[in-house]
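Following: one structure in structure tokens, then a few remarks.
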């Protein structure tokens, strides 16, 4: 049988499918999630049910978001799991998770996320953070390192800042490729994200923080004097007590918040887009 096949299902590369099959690791992950009855649990990408089944054994019921219609069909007809599942056959990147939340039951989201879309999916899920109690995800180890990284580190970047601003980031455990079928070419890790109930130093506009981070880390080898020259001048950086000779990885999250708040209060004058010249008709 092909190494890409597990329990009769062939992993689909376009969906980034790698299925957990190590019982000890599965048990450790479920212990980390610690699902309990009557909680609002949602699994992204249940796949062949490696986490789904033990979570249902503890919690009783579960909502799942699955894009692969073959796997969704399999879950709908599973003799044990089907009665306990609410299945949403949709791309998680397009799913409105807020629909499932209530004031009494915030969301507890978990899953073995497809590594090829993990970063945009994390950013999508963060838009629902006010409805979320916690999130547990299997990700590429490098992505978890980036999420948890602090200043003065090569792994530190936009993902670090945007995630840590909104959540407590807790790396839980590392997992080798041999725990999956097919085995990925990278190491994996579990991360726990707990949205902050209160942000001590709130930014005036989250989009401005994202813009500042994108501007900085798109050219991370440059000094911020050069990275920010279209947004903030060197003189303005100095007035904000930010050293313009530093590189993007040297600034703290609070300094990025300060820069974001500055451009909210002092919008940069960007040049108007040039109109396209229409060629004369012959």
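Any read-out appearing in this document is the output of simple, stated calculations on the displayed coordinates, not a laboratory observation. Model, not experiment: these values are computed from the prediction. Every residue, glycine as well, gets a Cβ built from its backbone with ideal geometry; the counts of neighbours run over all protein chains shown.
Which one of these does residue 38 not meet: (1) more than 21 Å from residue 172 (Cβ to Cβ); (2) not in a loop (DSSP other than H, G, I, E, B)?
Result: residue 38 passes all but (2).
Given the conditions (1) touching a residue at least 24 places away in the same chain (Cβ under 8 Å); (2) under 30 Å from residue 255 (Cβ atoms), which single one is not true for residue 81?
Of the numbered conditions (1) touching a residue at least 24 places away in the same chain (Cβ under 8 Å); (2) under 30 Å from residue 255 (Cβ atoms), the odd one out for residue 81 is (2).
I'd like the full set of residues that are part of a loop (DSSP other than H, G, I, E, B), farther than 28 Å from residue 257 by Cβ and touching a residue at least 12 places away in the same chain (Cβ under 8 Å), limited to region 173-204.
Kept after step one, since they are part of a loop (DSSP other than H, G, I, E, B), are these residues of region 173-204: 176, 182-187, 196-204.
Right, trim to farther than 28 Å from residue 257 by Cβ and you get 176, 182-187.
Residues satisfying the conditions are 176, 182, 183, 184, 186, 187.
Among the residues of region 226-245, how many are surrounded by fewer than 18 Cβ atoms within 10 Å (Cβ to Cβ), assigned to a helix (DSSP H, G or I) and in contact (Cβ under 8 Å) with a residue 12 or more places away in the chain?
Here is the first cut: in region 226-245, the ones surrounded by fewer than 18 Cβ atoms within 10 Å (Cβ to Cβ) are 226, 229-230, 233-236, 238-241, 243, 245.
In the following step, the residues that additionally are assigned to a helix (DSSP H, G or I) were identified as 226, 234-236, 238-239.
Subsequent filtering for residues that are in contact (Cβ under 8 Å) with a residue 12 or more places away in the chain retains 236.
Result for region 226-245: 1.
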